[in-house]
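Down below is the structure, laid out as structure tokens.
Throughout, read-outs are computed from the coordinates displayed, never taken from laboratory work. The model shown is predicted, which means the values in this text are computed figures rather than measured ones. Cβ coordinates were reconstructed from backbone atoms using ideal geometry, including for glycine residues, and neighbour counts include every protein chain displayed.
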Amino acid sequence: MSSDAWVTVIVLVLAFGMLAWDRLAPSAVVLSAAVALLLADVITTQEALSGFANPAPITVAALYVLARAAEKTSLLTPLAARLLGEGRTRLDLARLLVPTAGASALLNNTPLVAMLTPDIVALTQRRHLAASRFLMPLSFAAILGGTITVLGTSTNLVVSGLLQDIGQAPFGLFEITPVALPAAVAGMVVLIGFAWRLVPDRSTVQEQAEDSVREFVVTMVVLPGGPLAGRRLGDTDLVGRRHVYLAQVLREEQTFSPVDMDLVLEGEDRLVFVGEVSEIVGLYRLAGLRSSAQDHLEAVAQPSHGLHVAVVGRTSPLAGHTLSDVNFVSRYQAVVLAIHRDGQRVTEAPRDVRFRPGDALLVLADDQFRSNWSERRDFLLISSLGGDPPHMSSRAPFVAAITAAMVLVAGLGWLSILEASLLAAGALVATRTLTSNEVRDAIDFDVIILIASSFALGAAVETTGLAELLADSVIGAFDGFGDVGIVFGLLVAVTLLTELVTNNAAVVVVFPIATAVAMQTGVDLRMMAVAIAVAASCSFLTPIGYQTNTIVYGPGGYRFFDYARVGLPLNLTVVAIVTAMVVNL
């Protein structure tokens, strides 16, 4: 090996050692390794910065914006809740992973994982589950599903382009399926069977802020003809929720309290909920319910609005009066969603309550609400809670249309996934679905730096000859086992290179070797191309080999080598199945 190759090996060993130590941010470790290689003249400035000009990190950043819009409008919340179930058994895990893999076969898996991740995190937090138990398997299932057709992942398109470069026809839409589908099915069996035990519990339930532990009371109305009308109460998601419970059902002159699980809900039933503020706000996003203050919500709420807790003062004009008495909406440009009163449960709708000093009001108002009224006698204290405006769920169809358009134009090849995702993100800002501050906060810049910096390490591995040396060594190690051994060794080499230089770079390095191997063994070249496409996409050992792994890295609270616990048996299964399919077809 050359001196540059030895320097690269040393830097990589140190970097992976620091990642295993898990005391520094992975982005800082990988960026430092890239800088070290630059200072050692192993890579050029252009190669060191190539990742920052590559479409991958910018695409992921744009997809973070799309995911934030989906989270804000609760676009996928009903779907995620239905798929996740209670989240306490392997069956619940399978209910989440199988549809995800199926959808990834026809939709690009990266935006799918980006949009599902926030909802999975929110659902697991509400149910006091570890998000880490679901996010890594979610990413792996999306990767497996993405191998099944050409549309599922960009790696398949890269290999298809390489075939065209040597005079072959590009892949047909389902040409990969006969090899990829059995591998994906076997991989899903291993994933569902082993992930439940092998994925570590890395998440902790965040303590609620002091104001958030107060019990608030809110009244919701069952929509006539909606998905809840006509259903037995015990069969809905309205009961059994943590930190919020249904205290009463009001129907005309009837009051059901305590509530009967066999009660059949009717349109216009008024449901009185009691619970923590974070859970109360979540009720506004349940399909089939509307707020008792819906008219005021639609008149006042804007994308820039947020949630506040305002405490009624003794000299406040609210004390002793109702909302209509003081014309609350027009006076404060705000809507009261729920009320907390120490020592007494308030079951009336906010519009009917005569307020007392010390009542805490959950208020939806603009960002200026606190500064406008904190120095006035109207409220003793105003604290901002953040959170999304409940009315934003009405924007969900628009976000869905933007997402569908992005997937369509990218899938048909009219625009690249980068161009389509940037246009989608721009449309969300232009229509005020997201503010510029929300866009900035949505992007995890640690992840972006991690992805961009990893390209510098990949460039060093490739330009110093380490990639070809690794491929040749692995293939040579299995040479004595005949054609099966050579194909297996080639796929192992692709798998390892994917973790070092990313999947698309790995197939570029290995494709010429695969061509030569096909000529030597008599294996059909197109079958070999299919094999390396599937193996290169199956990145399960590190968070930097594939974009979906990187997206779930932070939200899952994972450590760098957590991926290998499940990824190693998964990789071996996929490589073994693909080898068998290629040799025998």
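Across the alpha-carbon atoms of the chain, the computed radius of gyration and Dmax are 27.4, 90 angstrom. For a Förster distance of 25 Å, can you work out the FRET efficiency between the beta-carbons of ALA580 and GLN164, rounded to the nearest 0.05? Working from the Cβ atoms, E equals 0.35. Distance in nm between label sites at ASP446 and ASP367, each 7 Å beyond Cα in the beta-carbon direction? So the two model labels end up 2.5 nm from each other.
Ordering PHE174, PHE134, PHE16, PHE355 by the number of other Cβ atoms within 10 Å of each residue's own Cβ, fewest first, gives PHE174, PHE16, PHE355, PHE134. Taking 7 Å steps out from each Cα toward its Cβ at LEU415 and THR255 produces label points 5.6 nm apart. On the beta carbon distance between ARG432 and ARG202, with R0 = 51 Å, the FRET formula returns roughly 0.90.
Between ARG88 and THR515, the simple spin-label model (points 7 angstrom out along Cα→Cβ) gives 5.8 nm.
How much length is gained on full extension from ASP483 to ARG232, taking 0.36 nm per residue of separation minus their Cα-Cα distance? Intermediate values should be presented prior to the final figure.
Numbers: separation 251, 0.36 × 251 = 90.36 nm, distance 6.15 nm.
Extra length available between ASP483 and ARG232 comes to 84.2 nm.
Across region 459-512, the convex hull enclosing all Cα atoms gives 60 Å³ per residue.
Divide by every residue of the chain the summed helix terms, -39500 (n - 2.57) for each DSSP H run of at least 4, and state the resulting mean residue ellipticity at 222 nm, rounded to the nearest 500 deg cm²/dmol.
Numbers: 25 runs with 322 residues, N = 585.
The per-residue figure over the chain is -17500 deg cm²/dmol.
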